[in-house]
Amino acid sequence: MSTVPPPPADPCERAPAYVRGIAPYQPGKPISELAREMGLDEARIVKLASNENPLGLSPRARAAIEAALPELARYPDGFDLAKALSGKLGIPMDHIVLGNGSNDVLELVGGAFLAPGCSAVYSQHAFAVYPLATQARGARGIVVPARQHGHDLAAMRAAIAPETRVVFVANPNNPTGTLLTGGELEAFLRAVPGDVVVVLDEAYNEYLPAAARYDSLQWLARHRNLVITRTFSKAYGLAGLRVGYALCDPSVADLLNRVRQPFNVNNLALVAAIAALDDEPFLRASRELNQAGMAQLTAAFARLGLAWIPSFANFVTVEIPRRDGASRAGAVYQRLLRAGVIVRPVAGYALPDHLRVTIGLPEENERFLAALAAALGAS
Ligand SMILES: *Cc1c(COP(=O)(O)O)cnc(C)c1O
């Protein structure tokens, strides 16, 4: 009697199909990796690929980090940061949930509200974490076609199905930089069923010019289903520490806290965020540098005959014109890498002819523009 050998034991095949089906997040290429790959000097590499603050971190945040080093043997306690945010924003503490980056908070929303059989609605060209947070829970993503590269809120409202539990809206959006007005958002909130969570992701909120600002916090009182997310990674310059937060109704905050790791934000991130929150001069400098850099880049794009998506954030997404019908964005990206300039390809966001570039220091922007002009001539 012959025995059939047992099938090879493969734990991965036992993982849920919805996990195996996830397309991994593609981060911007790290400086150290490009240096290794191309034999370049790290100090000569310009990274404009992850919407990081070119000014680095606020000096007050750095001082707070240094002062907190002796405390690292202790588990963190988010109370002081929640209290500081509460005071700064005029929102009660029970409306605040801290995250290991706002990315974490987006995942918490998925963990609290999504499961197999549910769906989440988000826009084409929207932030890559929305599909990740949806698929990781076995829920279905409903992708709504964009309008002029931005969110089509009427179509998003219409796409909400009976099993939809969450709608994600990024304002400004990444990677397009498009902005919805406060009026549009408020009308959307009124139109969405009250039992569907609306995540309003305001990662770039601090960059908005006065004329584009709107007061989303006041909507919390009227809309129990609203979750506003913000981060210290962008204008506050703390991307490497991972700290962000959600503002929402206490009942929603309670659910998010149940799926949150007890110590999800570390000691250094907490003290740095408290210090950064009050560093108005740093925030102003970040905003002004960004505005000047945006003008520098877009003026050069215009001279080069390139089209770009008007952006309200700290990056701009530029179109690389095709040649003889063939996309050149990938080739231009590679040429920029060889010149030591890292930008972000956005083909994975259904923008195969665009590159996203973060606003850098004036000299970094210049390095990018020179390399871009050369790459366009050569490819
Ligand atoms: C960068 C970004 C975030 C947050 O990043 P964290 O570092 O996790 O806070 C969230 N949403 C959008 C749209 C972003 O671009």
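The values are calculated or read from the model by the stated rules, or taken from the named source; none is laboratory data. None of the values given here were measured: they were computed from a predicted structure. Note that each Cβ is placed from the backbone with ideal geometry, even for glycine, and that neighbours are counted across all protein chains shown.
The set of residues in segment 223-244 being outside any strand (DSSP E or B), within 8 Å of the ligand (Cβ to nearest atom) and crowded, with 24+ Cβ neighbours inside 10 Å consists of F232, K234, V243.
Of all the numbered requirements in (1) within 17 Å of N51 (Cβ to Cβ); (2) of a type in the set (V, I, T); (3) touching a helix residue (DSSP H, G or I) at 6+ places or on another chain (Cβ under 8 Å), V332 misses one, and that requirement is (1).
Would segment 84-91 turn up any residue that is part of a loop (DSSP other than H, G, I, E, B), away from the ligand (no atom under 16 Å from the Cβ) and over 16 Å from the mean Cα position of the chain (by Cα)? Yes, segment 84-91 contains a residue that is part of a loop (DSSP other than H, G, I, E, B), away from the ligand (no atom under 16 Å from the Cβ) and over 16 Å from the mean Cα position of the chain (by Cα).
Residues in segment 257-281 that are in contact with a Pro (Cβ under 7 Å, 6 or more places away or on another chain) and either acidic (D, E) or part of a helix (DSSP H, G or I) (or both): N267, L270. R258 fulfils the conditions (1) buried (at least 20 other Cβ atoms within 10 Å of the Cβ); (2) assigned by TED's automatic domain parsing to the domain that holds L108 except for a single criterion, (1).
Each residue in segment 137-183 was checked for being touching a residue at least 24 places away in the same chain (Cβ under 8 Å), of a type outside the set (S, T, Y), under 24 Å from G111 (Cβ atoms) and away from the ligand (no atom under 13 Å from the Cβ), and 11 pass. Set side by side, the residues S102, S58, S50, S32 differ, and just one is of a type in the set (S, T, N, Q) and more than 30 Å from L217 (Cβ to Cβ), which is S32.
Please work out if F127 is in a strand (DSSP E or B) and either closer than 23 Å to A347 by Cβ or modelled with pLDDT under 95 (or both). So F127 fails the test.
Residue by residue, here is whether (1) of a type outside the set (G, A, S); (2) at pLDDT below 95; (3) assigned by TED's automatic domain parsing to the domain that holds K29 holds:
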residue	(1), (2), (3)
P262	yes, yes, no
R287	yes, no, yes
M294	yes, no, yes
A300	no, no, yes
W308	yes, no, yes
Q334	yes, no, yes
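For segment 195-205, the criterion of being in contact with a Phe, Trp or Tyr (Cβ under 6 Å, 6 or more places away or on another chain) and surrounded by fewer than 18 Cβ atoms within 10 Å (Cβ to Cβ) is met by no residue. Residue count for segment 92-119 under the criterion of being more than 14 Å from the ligand (Cβ to nearest atom), out of contact with any Ser or Thr (no Cβ under 8 Å at 6 or more places or on another chain) and not in a helix (DSSP H, G or I): the result is 3.
Out of curiosity, is A67 in contact with a helix residue (DSSP H, G or I) (Cβ under 6 Å, 6 or more places away or on another chain), in a helix (DSSP H, G or I) and either more than 16 Å from the ligand (Cβ to nearest atom) or among the small types (G, A, S) (or both)? In short, no.
Every listed requirement among (1) without any contact (Cβ under 8 Å) to a residue 40 or more places away in the chain; (2) farther than 22 Å from S50 by Cα is met by R260 save one, (1). Scoring G28 on the criteria (1) in a loop (DSSP other than H, G, I, E, B); (2) touching a helix residue (DSSP H, G or I) at 6+ places or on another chain (Cβ under 7 Å) leaves a single failure, condition (2). There is no residue in segment 300-310 that is closer than 17 Å to S86 by Cα and touching a His at 6+ places or on another chain (Cβ under 7 Å). Looking across Y25, Y18, one residue alone is within 16 Å of the ligand (Cβ to nearest atom) and among the aromatic types (F, W, Y). It is Y25.
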